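Student: My questions all concern the structure below.
We did not get these values from a lab; they are worked out from the coordinates using the rules stated. Since this is a predicted model, take the numbers as computed values, not measurements. Glycine gets a Cβ as well: all are built from the backbone with ideal geometry, and neighbour counts include every protein chain shown.
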Amino acid sequence: MGSAQRYFLAILIIGFGTLYATAQNCPARPKMGTVVQDPLNLISTNGELDADFVMGHSVDDQGYTHYCFNYKTSKNFVESPTLRLNQGDILKLGVKNDIQSDGSAGMKMPPSSAATCGDSGQMTVSSTNIHFHGLNVPPNCHQDDVINTLIQPGTPVFQYNMQIPSTQPPGLYWYHPHVHGFTEFQVNGGASGALIVNGMEKVRPEVTGLTERVFVIRQQYLVPWVPGPYQLTINYHQAVFGLPLPKIEMKPGEKQFWRVANATIQDFLPLQVQYNLKAQPLELIALDGYPLAQPRMVNTILIPPAGRAEFIVQAPSAGESASFITNNYSTGPTGNPDLLQTLANIELSTDADKDGYKAPATNTPVDNSKFMDANKQPATTERKIYFSEEFGGTNGPIQFYITVDGQPQKVFEADEKPAITTQVGAVEEWTIENRALETHAFHIHQQHFRVLEIDGKPAPNQDLIDTITIPFWEGPGHPYHSVKLRMDFSDPTTAGTYVFHCHILLHEDLGMMHKILVQPAGAH
């Protein structure tokens, strides 16, 4: 996607003001070439997880801007802990925004005409909030509202308070800021973390007793943007070609359960584990938090930006070299090149599981009703939605759109009316088409969808996911690529107004997003 657009937006944002050094800096990130540790686990007790985060900001000695969700332990602050809860648990998360600026920093966005949740004022690069990506929770204030929720610097702690649904599938979800216009900058700075709903071993017994690893893959450009490579990181360990690489420790021949989140701002990650440069079989267990109907063996797992994959990896035997890589992936003529990169080398150690997590044995049953295909009835509505881009001469795309077929092509506005209105109980089929010369990633909040067709042909697995890749259009004479998705709006707890968008975050920030209103059943 356009380096010109990233440069323009970065200069626009930084040019309006300078962020001061903050009262809450981000913790030092790991040294190159060291062993990758899992994030700190915050585990619910007695049906509740109560924690406080401070949003911090700093700039490292390489010039990279960091944003961070800091959690205070008895010894120090740690960054982006993993939140572990059970079905039905209560999450109470206080968020204090300790970014300090000169008061003019940022490209100010027009405020929404709706009532503000949290603090008043305009959205700037110093504002924040949290989206709980993949959770089927209400899009309401203090839960998972991102349209009207603002947490401004220096204001009191904002309290999130929500219940994990009793039917939320056990799996990997994640949290990140979602202030329109500035999502990319804070996620680019590293503000993101994993959220796990426990109980996968009750649904997929293949993982029972395995050491579990949580890997969050992030990406960072310099801000203001300058030409050159970006950094990929794995749990904040830099993976940079030609420099000492991160290390993942495993016992020889050991099986581990890896839970991997793509928290990059734009990269499509075709992941492989290689022994002696040969891709190895991986036992895929879940995608986007939802366990598969049956595990399947693959040697490459493509995770789009915001997607997650959970799979079983077996370590090599002594004497074999092994690595965890992301392969080359073409995103089209106007897309950003996603290049082969070794994320970490796998090294054998007899005490490799000392830092891994193992799910405790419990007799608590898991509600798996969301795994049932409750939407086999005919669709009540069919819709077509398409991605497109507007060009500006030789500079590539300058505007990004997602459009409901039959409606005017326009960018997202904070106070716009919903582009789609439906109601609880509706079952809809959406065809998402890509008319752009670069690949896009479709995501909708509050919902998972079933993949019915890919390019007009039945999808081989019909998985339930929340983010999907739609390849680029090859140009005149070629058809548009598309997917057909089954949207089930039967859950009354997710009624309300929320958004759907491209999860390439700059595209979202520049307007490739719209609202959907799900009204209560029987509303007119």
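Student: Please work out the FRET efficiency for the pair E347 and A523, using the Cβ-Cβ distance as r and a Förster radius of 56 Å; give the result to the nearest 0.05.
Tutor: 0.45
Student: Hey, can you grab everything whose amide H is under 5 Å from the amide H of L195? Only 5+ residues off in sequence or another chain; H modelled, so Pro and N-termini drop out.
Tutor: L83, Y173, W174, Y175
Student: Pull the list of the chain cysteines that no other Cys approaches to under 4.7 Å, Cβ to Cβ.
Tutor: C502
Student: Of all DSSP beta bridges in segment 369-519, what percent run antiparallel (nearest 5)? The partial results should precede the final answer.
Tutor: Details: 37 of 48 bridges.
Once the DSSP bridges in segment 369-519 are tallied, antiparallel ones form about 75 percent.
Student: Between L277 and K31, what's the calculated FRET efficiency when r is the beta-carbon distance and R0 is 30 Å? Round to 0.05.
Tutor: Between L277 and K31 the formula returns 0.65.
Student: Classify segment 187-303 as rounded, prolate or oblate, taking a ≥ b ≥ c as the square roots of the eigenvalues of its Cα gyration tensor: rounded when a/c is under 1.5, otherwise prolate if a/b is larger than b/c and oblate if not.
Tutor: prolate
Student: Suppose R0 equals 30 Å; then what is the FRET efficiency for L452 and N299 from their Cβ-Cβ distance, rounded to the nearest 0.05?
Tutor: Numbers: r = 26 Å, r/R0 = 0.85.
Given R0 = 30 Å and the Cβ-Cβ separation, E is 0.70.
Student: Counting other beta carbons within 10 Å of each Cβ, put L464, L277, L437 in order, fewest first.
Tutor: Numbers: L464 24, L277 9, L437 19.
Listed from fewest to most nearby Cβ atoms, that is L277, L437, L464.
Student: On to the next question. Exposure proxy check: T233, T439 ranked by fewest other beta carbons within 10 Å?
Tutor: T233, T439
Student: Given the Cα-Cα distance of N76 and K247 and 0.36 nm per residue of separation, how much length would full extension add, in nm?
Tutor: So the extension gain works out to 59.1 nm.
Student: Report, to one decimal in Å, the Kirkwood hydrodynamic radius for the chain based on all distinct Cα pairs.
Tutor: 23.3 Å
Student: Right, next: Only counting other Cβ atoms within 10 Å, I'd like S490, S44 sorted with the fewest neighbours first.
Tutor: Details: S490 12, S44 18.
In increasing order of surrounding Cβ atoms, one gets S490, S44.
Student: Ranked highest first by average number of other Cβ atoms within 10 Å, how do 120-132, 255-267 line up?
Tutor: 255-267, 120-132
Student: Residues in segment 436-465 near a label at F391, defined as backbone nitrogen under 13 Å from the 7 Å Cα→Cβ point?
Tutor: Output list for this probe position: 436-438.
Student: Let me ask you something else. For K31, which aspartates and glutamates qualify as cross-link partners when the Cα separation must be under 20 Å and same-chain residues fewer than eight apart are set aside?
Tutor: D60, D61, E79, E249, E347, D355
Student: What is the gain in length, in nm to one decimal, between S166 and N46 on full extension, counting 0.36 nm per residue of separation less the C-alpha to C-alpha distance? Let's see the in-between values first.
Tutor: Working: separation 120, 0.36 × 120 = 43.20 nm, distance 1.51 nm.
So the chain would gain 41.7 nm between S166 and N46.
Student: Give the long-range amide H neighbours of T155: residues separated by 5 or more places, or on another chain, with amide H under 5 Å away, using H modelled in the peptide plane at 1.01 Å from N.
Tutor: Residues meeting the amide H criterion: N97.
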